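The values are calculated or read from the model by the stated rules, or taken from the named source; none is laboratory data. The structure displayed is predicted, hence computed values, not measured ones. Cβ placement follows ideal geometry from the backbone for every residue including glycine, while neighbour counts extend to all protein chains displayed. Surface areas here come from the heavy atoms of the whole protein model, side chains and all, with no ligands, DNA or RNA. Shrake-Rupley method; radii C 1.70, N 1.55, O 1.52, S 1.80 Å.
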Amino acid sequence: MLTELVITVSLLAAPAASPPPRELAEVSDRAPTGDAAAEADVETVLSRLELPIDVHQVDAFVETADELHMQVDYHLALGHVTIATRMDQDGTGVARLTLDQRVLAEQQFVEGEVSTVTTAFGALSGEEAYLLAASVYQVWGHDVVITVLAQSRGLLCSIAAGISGLAIAAGVFAGCELGTVGLGTAACLGLGGGLGKETGAIVHNKCTSAQN
């Protein structure tokens, strides 16, 4: 479950004056076009996602009484970010990433399997999309979140990995499209998808390590 990311990206008009994210621009400046180049740059962009950013007022909780309810809240310069999941005992539910109550990534589940995946990062500038993606990647290492994950059941790790991988893939794809020249949509999609899979696996490992 949650091993593949099917990304539906809604690219809305971004402000023309928004500066491109330097991290992604540096990657495209030295890389040839094509999927192979995007795949080669996964490790480079992953290292950029690990550069410390200002994530503050972090809070998290998990409830498992009648249904699975997980929520992580934190603040960035962009605003209030929430990663939340609700799932009933039959495995039907939804996981969402929101920024100031705007849904930017969503996975819907039926009987424990992902049924629908949507993203809407195009309303952000490339720099904003990249910052949000980095925050999603980094917040799972915060002490408050690790403490909560350590008390939760294993299914949560797959859900956390899935919604995080989706958000990171969409954020990097949007930032790549808006902030690079010549790389191309296919290569940007390959870069985003590669990062989504890689970081989803890392998030899953962080979660399972906290539970052991």
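Collect the residues in region 64-76 that are open to solvent by 10 Å² or more (accessible area, probe 1.4 Å) and over 17 Å from the mean Cα position of the chain (by Cα), keeping them in residue-number order. Scanning region 64-76 gives THR64, ALA65, ASP66, GLU67, HIS69. Select from region 184-210 the residues that are open to solvent by 10 Å² or more (accessible area, probe 1.4 Å) and among the hydrophobic types (A, V, I, L, M, F, W, C) and list them in ascending order. Selection gives ALA186, LEU189, ALA201, ILE202, ALA210. ALA170 fulfils the conditions (1) modelled with pLDDT under 85; (2) surrounded by 19 or more Cβ atoms within 10 Å (Cβ to Cβ) except for a single criterion, (1).
Within region 80-124, the residues that satisfy the criterion of being of a type in the set (D, E, K, R) and exposed (fewer than 13 other Cβ atoms within 10 Å of the Cβ) are ASP88, ASP90, ASP100, ARG102, GLU111, GLU113. Only one of the numbered conditions (1) modelled with pLDDT of 80 or more; (2) in a loop (DSSP other than H, G, I, E, B); (3) among the hydrophobic types (A, V, I, L, M, F, W, C); (4) touching a Gly at 6+ places or on another chain (Cβ under 8 Å) is violated by LEU51, and that is (4).
For the criterion of being within 21 Å of GLU50 (Cα to Cα) and not in a helix (DSSP H, G or I), LEU166 fails. Scanning for something open to solvent by 10 Å² or more (accessible area, probe 1.4 Å), among the polar types (S, T, N, Q) and modelled with pLDDT of 80 or more, does region 176-183 turn up at least one residue? Checked against the condition, which is being open to solvent by 10 Å² or more (accessible area, probe 1.4 Å), among the polar types (S, T, N, Q) and modelled with pLDDT of 80 or more, region 176-183 yields no hits at all.
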